[in-house]
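S.K.: What follows is a structure written as structure tokens; I'll ask about it next.
The values are calculated or read from the model by the stated rules, or taken from the named source; none is laboratory data. As the structure is a computational prediction, the values presented were derived from the model and not from experiment. Every residue, glycine among them, receives a Cβ derived from its backbone with ideal geometry; neighbour counts consider all protein chains shown. All accessible areas refer to the heavy atoms of the entire protein, side chains included, with ligands and DNA or RNA removed. Shrake-Rupley method; radii C 1.70, N 1.55, O 1.52, S 1.80 Å.
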Amino acid sequence: MKPQFTFLLVFAALAALSFTMGAVDPYYLTVIIFIGINITMATSLNLINGFTGQFSLGHAGFMGVGAYIAAIISTYLTTHGMSSDGVSGILVLAASLLGGGLFAALTGLAVGIPSLRLKGDYLAIVTLGFNEIIRVIIQNVDFKIAGTHYVGGARGFAVPQLSTFLWVYGIALVVVYFVENVIHSTYGRGFLAVRDDEVAAEAMGINSTRFKVKAFVIGAFFAGIGGGLFAHYIQYITPDNFTFLKSIEIVVMVILGGMGSTYGVILAAIILTILPEALREFSDYRMIIYSLLLIILMISRPQGLFGNASIKKFLAKWKTGTATN
Amino acid sequence: MGEILQQLVNGISLGAIYALIALGYTMIYGVLRFINFAHGDVFMVGSFVAYYTATAVSKFFPVGSVPAAIIIFLVSMVFCAVLGATIEFLAYRPLRIRPKLTVLITAIGVSLFLEYLSQLLFGATPRGFPEIISNAPFYKSKLVTINTVQTVVIITSLSLMLVLRLVVMKTKIGTAMRAVSFNQQAASLMGINISSVITFTFMIGSALAAAGGVLYGAQYPSIDPLMGIMPGLKAFVAAVLGGIGNIPGAAIGGFIIGTVETFIAGTFLSTYRDAIVFAILIGILIFKPSGIMGKYEAEKV
């Protein structure tokens, strides 16, 4: 099946599903929405960490930038005459998500150009540092337009609720579709080449810095949109939503799923969003389980649960009957 | 003038603690070429061990007396040395030939594990650290006041650094450490037991972090399971500033970062101080990745 068809088919299914969401218990709906947002976050980080091999620990920073910029735009628009219902609400959310995503992408560019000269653990620490810098800046910003507080520093920022099931999953679908298609395009092989052997890729005429920065900017763009969706669902954001611990949470999804496997990462995002909810009575043990999971996974199966596996490969194997052996 | 002098004293006593933690980062980087993310949490464990030891010791010696302080230091340092060696043995040793990224992720895992295990064991609420070293002024003039605890912090750190210097430069194991950090393969061909050198390095580094944890608790008497994150990251910045892998560099870097942070905290930028420390890190890594005292290493293909 052509990917465009799959895309439309899944989208239609999601649209149909979205009508049933009114009947879902609000608690479960929240979990479902968070799964969708985490899929967006993890898939976009996978482009940087998994496919391009640049270990970033700052994804929550971009998410925070997107969340705050989107919230500023939507608050401004809704307090200046635009309604948050119906078509106007859709326009408000679309404008704020786009604004948040673009601003996050710009931040990604500003962070990426200097830090992508570094490798491995240094890159990880520097991106973590940028994450903290972004958080500290947000914590210190607070301004007022026409009587309404914006950003609100450490206190937090109230945001209108606009994100719906269809928005969250529609965007998750777009991100997955985009990342999968880029990676499997001729151009996208460059990302994989940079990951597998940077020197060899350079020798083949690939501008590795350019690919790294591109992966970073695209990843940051989607992270910003994910942040916007997040802000417009939980309705109250504080800088503490976007610490580097949040980044680590997303990184764990990518690692558990297998760096470089989109479907593995989606599955990991689902598991790691449901698991803490299911283990709510054991919430004290949640992070301990997470951390042990990381250590044991790294020792016994560093490629993640799914490694490089993809549905296509699996289906191909299954058709030829080799999957059984 | 007086204020500047006072800030300098405060900065140096904070920097002394950063320097102790930074030494561990730099030594472990020297032998294993990786950043031990969990180092800041070993520092936190050091503080908590000291907290409980202080309660236990108070039955025999009054809190604040010299023997009590010495016992607290020793117990905490020995405990963390064993902890460091255990972490190395369980988590890092199986990964020694794996890609660096795998080890880094494991280190993040170990760090989270220590933080949240401590939260489970000790509770998340901050605790008041007993006054194991007196807080009274040691030296007081019109310009500047130096507390006893600040004096002890500075003297203890400097003497520990001196001991470390002697161990690294004069003893057999120290020579082995330098050999391993210079060229691991060649060192092993010369009959050096790499594993025991690495274990030893972890023990020394963790013991220094524990000493830092006790001093930190004495100086800023509130401890909690997540207290290791920020000092740990700042000490890492100090290690990079001094030139990672370079022991005197880490000490100098620690003092610089501590002083800079204290001075920033005294200005209108005080709420930005964590951000500025990270900005320093980014600046160094971009303009002079080898740090103040480090050597430039060309990348080999």
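S.K.: Let me know the shape class of the range A:148-239, please: from the alpha-carbon gyration tensor, a ≥ b ≥ c as square roots of the eigenvalues, rounded when a/c is under 1.5, otherwise prolate if a/b is greater than b/c, or oblate.
M.R.: Cα axes put the range A:148-239 in the oblate bin.
S.K.: Next question, about the same structure. What does the convex hull of the Cα atoms of the range A:178-301 come to per residue, in Å³, rounded to a whole number?
M.R.: Considering the Cα atoms of the range A:178-301, their hull volume per residue is 136 Å³.
S.K.: State the answer as a single residue: which of B:150, B:179, B:134 lies farthest towards the positive end of the charge dipole of the range B:15-228, with beta carbon charges of +1 for Lys and Arg and -1 for Asp and Glu, about the Cα centre.
M.R.: Positive-most Cα among the choices belongs to B:179.
S.K.: Give the cross-link partners of residue B:100 among the aspartates and glutamates, using a straight C-alpha distance below 13 Å as the criterion and excluding same-chain residues fewer than 8 apart.
M.R.: In chain and number order, the partners are A:121.
S.K.: Right, another one. Can you compute the label reach from residue B:135? Point 7 Å from Cα along the Cβ direction, backbone N cut-off under 16 Å, restricted to the range B:54-97.
M.R.: B:63-65
S.K.: With springs only between Cα atoms under 10 Å apart, run a GNM on chain A and tell me which of A:176, A:151, A:199 wobbles the most.
M.R.: Answer for the Gaussian network model of chain A: A:199.
S.K.: Which of the chymotrypsin sites (Phe, Trp or Tyr not before Pro) across the range A:108-203 are loop residues per DSSP, with 14 or fewer other Cβ within 10 Å?
M.R.: A:187
S.K.: Considering only protein heavy atoms, what per residue accessible area in square angstrom results for the range B:15-228 with a 1.4 angstrom probe?
M.R.: I get 42 Å² per residue for the range B:15-228.
S.K.: Here's a follow-up. Can you find, among B:125, B:99, B:208, the residue sitting farthest towards the positive end of the charge dipole of the range B:15-228, where Lys and Arg contribute +1 and Asp and Glu -1 at Cβ?
M.R.: B:99
S.K.: Note every residue of the range B:116-162 with a reduction of at least 20 square angstrom in accessible area, all protein chains present versus the isolated chain, computed with a 1.4 Å probe, or write none.
M.R.: B:116, B:120
S.K.: Now a separate question. Place a +1 charge on the Cβ of each Lys and Arg in the protein assembly as shown and a -1 charge on the Cβ of each Asp and Glu, then give the dipole magnitude about the Cα centre in debye, rounded to the nearest 20.
M.R.: The calculation lands at about 1360 debye.
S.K.: Starting at the first residue of the range B:74-84, write each ³J(HN,Hα) from the Karplus equation 6.51 cos²θ - 1.76 cosθ + 1.60 with θ = phi - 60°, in whole Hz, x for Gly and Pro.
M.R.: 5, 4, 5, 5, 5, 4, 6, 4, 5, 4, x
S.K.: Please state the equivalent ellipsoid semi-axes for the range B:50-207: what are the square roots of 5 times the Cα gyration tensor eigenvalues, largest first, in whole Å?
M.R.: Its equivalent ellipsoid spans semi-axes of 35, 23, 15 Å.
S.K.: Arrange the residues B:263, B:202 by how much accessible surface each exposes, largest first, with a 1.4 angstrom probe.
M.R.: B:263, B:202
S.K.: Near residue A:208, within a Cβ-to-Cβ distance under 12 Å, what is the net charge of the other residues, with Lys and Arg +1 and Asp and Glu -1?
M.R.: +2
S.K.: Could you compute the FRET efficiency for residue A:316 and residue B:175, with r as their C-beta to C-beta distance and R0 at 51 Å, rounded to 0.05?
M.R.: FRET efficiency, residue A:316 to residue B:175: 0.35.
S.K.: With the cut-off at 26 Å, tell me which of the pairs A:212/B:288; B:142/B:234; A:119/B:234 have Cα atoms farther apart than that.
M.R.: The answer is B:142/B:234.
S.K.: Let me ask something else. Suppose R0 equals 35 Å; then what is the FRET efficiency for residue B:56 and residue B:143 from their Cβ-Cβ distance, rounded to the nearest 0.05?
M.R.: 0.30
S.K.: In whole Å, what is the distance between the alpha-carbon centres of the range A:277-302 and the range A:245-275?
M.R.: 12
S.K.: Would you mind classifying the range A:3-243 by shape? Square roots of the alpha carbon gyration tensor eigenvalues, ordered a ≥ b ≥ c; an a/c under 1.5 is rounded, otherwise it is prolate if a/b is larger than b/c and oblate if not.
M.R.: Taking the square roots of the gyration eigenvalues as a ≥ b ≥ c, the range A:3-243 is oblate.
S.K.: Using +1 on the beta carbon of Lys and Arg, -1 on that of Asp and Glu, and nothing else charged, what's the dipole of the range B:176-301 about the Cα centre, debye to 20?
M.R.: 260
S.K.: Another question, if that's okay. Placing +1 at every Lys and Arg Cβ and -1 at every Asp and Glu Cβ, with all other atoms neutral, what dipole size does chain A have around its Cα centre, in debye to the nearest 20?
M.R.: 700
S.K.: Using the heavy atoms of the protein chains alone and a 1.4 angstrom probe, what is the accessible area of the range A:111-168 per residue in square angstrom?
M.R.: I get 37 Å² per residue for the range A:111-168.
S.K.: Please name the residues of the range A:113-132 whose accessible area, counted over protein heavy atoms with a 1.4 angstrom probe, falls by no less than 50 Å² between the chain alone and the full protein assembly.
M.R.: SASA drop of 50 Å² or more in the range A:113-132: A:121, A:122, A:125.
S.K.: Expressed as a rounded percentage, what relative contact order does the range A:3-243 have, with Cα pairs under 8 Å and six or more residues apart?
M.R.: 38
S.K.: May I pose another question? List the accessible area buried at the contact between B and A, summed over both sides and calculated with a 1.4 Å probe, in Å² to the nearest 100.
M.R.: The B and A chains share an interface burying roughly 3600 Å².
S.K.: Could you check how many percent of all C-alpha pairs in the protein assembly as shown are farther apart than 44 Å?
M.R.: Taking all Cα-Cα pairs of the protein assembly as shown, the fraction more than 44 Å apart is 24 percent.
S.K.: Below 10 angstrom from the Cβ of residue A:61, what's the summed charge of the other residues (Lys, Arg +1; Asp, Glu -1)?
M.R.: +1
S.K.: Moving on. For chain A, take the longest principal axis of its alpha carbons; what is the angle in degrees between that and the long axis of helix A:208-234, to the nearest 10 within 0 to 90?
M.R.: 40
S.K.: Between residue A:141 and residue A:119, take the C-beta separation as r, use R0 = 35 Å, and let me know the FRET efficiency to the nearest 0.05.
M.R.: 0.60
S.K.: Would you list which aspartates and glutamates come within 19 Å of residue B:59, measuring only between C-alpha atoms, while excluding same-chain residues fewer than 8 positions from it?
M.R.: Those aspartates and glutamates meeting the cut-off are B:131.
S.K.: In the range A:3-243, what percent of the accessible surface is made up of carbon and sulfur (1.4 Å probe, ligands and nucleic acids excluded)?
M.R.: 70
S.K.: Here is a further query. Once all Cα-Cα distances of the range A:1-120 are split into 10 Å bins that start at 0, what whole-number percent is in each one?
M.R.: Calculated P(r), rounded to whole percents: 11, 28, 36, 20, 4, 0.
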